[in-house]
Every structure is written in C-alpha cells, then in structure tokens.
1. Given R₀ = 25 Å, what would the calculated FRET efficiency be for residue 263 paired with residue 187, taking r from the Cβ atoms and rounding to 0.05?
2. How high is the FRET efficiency between residue 96 and residue 355 when r is their beta carbon distance and R₀ equals 60 Å, given to the nearest 0.05?
3. Please arrange 388, 321, 375 by counting, for each residue, the other beta carbons lying within 10 Å of its beta carbon, fewest first.
4. Estimate the FRET efficiency between residue 368 and residue 407 by the formula 1/(1 + (r/R0)^6), using the beta-carbon distance for r and 35 Å for R0, to the nearest 0.05.
5. Step through the table entries 163/300; 302/360; 233/297, compare each Cα-Cα distance with 30 Å, and write down the pairs that go over it.
6. Got the relative contact order for region 176-299 handy, in percent, Cα pairs under 8 Å and 6 or more residues apart?
7. How do 339, 236 rank when sorted from fewest to most other Cβ atoms within 10 Å of their own Cβ?
8. So how do 215-225, 299-309, 363-373 stack up, highest first, on mean other-Cβ count within 10 Å?
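What follows is calculated from the coordinates using simple rules that are stated; it is not laboratory data. As the structure is a computational prediction, the values presented were derived from the model and not from experiment. All Cβ positions, even for glycine, are placed from backbone atoms using ideal geometry, and neighbour counts span all protein chains on display.
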Amino acid sequence: MLITLNRERKSSFTALGGLRACIALFTLLSFHCVFASAHLPTDSTASETKTEQSTSAIKDSFSKGSFIKDKTPEKAASSTQMTNAAILLYHHVSTQTPSSTSVTPDTFTSHMEYIANNHTVLPLTDIVNAIVEGKPLPKDAVAITFDDGYANILENAHPILKKLGFSYTVFINPNEIGVAPQQLTWEEVKRMQDEGVIFANHTLDHLHMLNYEFTDENWLERVFENVEAAEKKIDSELGVSLKYLAYPFGEYNLALAAKLEENGYVGFGQHSGAVGETSNLLALPRFPAAGPYANLKTLKTKLNSLAMPVVHTTHAEPRVRSNTLSDTITLTVDEEDVSLNQVNCFYSGKNIKTHVDGEKVSFAIESTLPVGRSRVNCTAPSKSMAGRFYWYSMPFFLADDNGRYPD
Ligand SMILES: [Zn+2]
C-alpha cells in the first residue's frame, strides 16, 4: 500500500477556504508515519485497557481558583517561532494498576520535574487554538492529558501538577464517572475543574467506535449519538463543551472523522508524534508516556520532537480491511528543514525500508497486520535544530472476523 503526500493541498481545498480547508485536508489525509531514527524507540504499539482498581479515599483539600501558572508574554515572545507542541498521554498514575497503562507516582513526578525544568506547559486549548489559528507557540510547548478519568489522577498526579502550576486535561467517560469504583466522582471532577483542570469527551462508555462498522447500517449515527450524549452530559455537569474527543483506544476512521468535523469537533488519537500546523485536527497525535514508554530518556526525545509536515499521504484511511497492504505508501513532506535522507521508519518495532525521492518518502509494509492496532512510526532529524527530530505516526486498525476490535 502506498501513501503519497503531494503539494497540491491548497488547490485541492480552495473551495473550503481558510480554516475549514485546513481541517478538511487533515481529515482526508489523516496520515501517520513516524520517522524514528535508529536510536529512537519504535513506539509501535499503543494499547489501552480499562481495569478495575480500588479507589482509596481522596483527601486532597481543594482551594478555589485555578492553580495554573500564566505564561508571561515575555516568555512566550522570546521563543515563539513555530507552531509545535508535544502532547503527553497518561492513564493511571499508581503502583496498583496494570503496568502497560500506568506510571508510578515517582516516575510521574520525575517526568513532571524534567518538564518543569525544560519545557513550557500550556493548556491543551491553547495548543489546539494555535494550530487552528496558525499562531506560534513556545518552541518547547507541552500539554499533559489523561484518558479515562481514574481517581488515581486526583490522588497521585494532581498534587504534583498543582504544585508545579501545570495545566492538564482529563478525557472522561460520563457514564462511568461516579459509577465504576476506580473512577473519579462528579463532585471530584467539579472540584478539580474549579482549580483549572480541563475536562473533555472520551465517549459515554469507552466503546470501540469502529465495532460493527460494516454490519450495523446505523453504525455512524449510533457512534456519533454516543459522542453527542457524552458532550451533553459534560456540558450539563460542568458547563463546558469544548468538543474535544479522545477516541477510545485511539481508534477512528475517515467517515467518523468527517462526521466529527461537520459538527465542530477536534479529535485526539493514541498514535505518537508532535502536533503542528500540518497536523490532522481530527486525529491529533499524543505520545503515550506510561508502561514501556515511561522511560525518561526516550521521553525527552519525544518532548523535543517536531511535527512532521506531511502534506499528502496515499494512505489516508487508518481502518484497513485486510491483513496485508499490497500497495506502497508514499508521504509528501513539505518542509525544507526535514533531513529526509536520514528518515527512519518502523513498523511494529522493526525497521522498514524507505525510498526517498525529493519530498516523497515511500515504504511498503510487508508484515501481516495483526487484528487490532498497529502503526508505522517515522522520524527524521531537523537540519536547523540540533538534536530535534520530526516525528510522524500512521496507525492501522483491523477488525476481527466478527467486526470487533480487541482491547
Ligand atoms: Zn480510554
């Protein structure tokens, strides 16, 4: 299978105009190949599981008013030359939960202390708005996100985030808040919101959104109704409706992305990569930072990564229907600063052969795709920013014979 990105995005999308054209482009192109140099982690899997966890009592005392530190205009102005940021994705912060989706409180603290000394943490809304409006961000911008609304976020992550004055966002499943024993309660959510924490949509009940796509004739309406009901519940409880959706398990397809776009949503995935001007606003990448990705040494490279400016892909649809991709995939990278001749791409942890021709990078996936989630990651060094790598990830989602996706 081939993915080719070409430079014709402007002419192709002129009719849509401005921002909508930009968003539409990303919807259609939905590309994700991450360029990882040989010494970088391959990040070939991202799994998300929901597990039971006993919740200890939350004894934090809350103070009214946001603890989020304002970024001074001076600081922002001193380093604003580009629109780029790394968004981190966490689930559990606990020693009691599954290692694949957890960091210990000590590891989480080490991540946050490193970020405090080396990066500028911004609210997720600032980063999305900068991408939408084409405005620059501090060159070391980072956002912190959590999926699933576990109580251990409040118990173990909130104190350090509050101490450091870091904004963060939690994507919640409203039907599970205050219901499942390991979840935050609405009271806790509201108290956190009072302190400046951002809450957004992770669907009502953490469904696999692509299940039964081809056997349920009302599939798209059904899953979109779920998204809208979750948004409505968050709005009624918290009085906010950002229309930010983090896809459960990171799973989406072009039809769903288009439906979300029509209705003013921004989508967040679980494939890795920095975000920037050319990012797909219906599938913004985030770096998983738990389990095998919690290593601070490799996390530093990701925090410093740059959004690969892929302007066209020949493989826009992440949901595949076969376990073999027979065509070559070609990406067109519209950026002179990318050292494409040093590009490295990996599929499921294995380096794959790439062919570079000018601004085009092509590769084939010869492995059999597994049921569930897999991805190609590609990185290439920046020519002008020593030690920084452009990063791009392309996810693939394959259902089982029953049209279902595994956790
Ligand atoms: Zn989740």
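1. Efficiency for this residue pair is about 0.25.
2. Approximately 0.80, to the nearest 0.05.
3. Working: 388 17, 321 9, 375 27.
Listing 388, 321, 375 from fewest to most nearby Cβ atoms yields 321, 388, 375.
4. Approximately 0.95, to the nearest 0.05.
5. 233/297
6. So the answer I get is 19 percent.
7. 236, 339
8. Values: 215-225: 14.0, 299-309: 23.5, 363-373: 17.1.
Averaged packing, sorted descending, gives the order 299-309, 363-373, 215-225.
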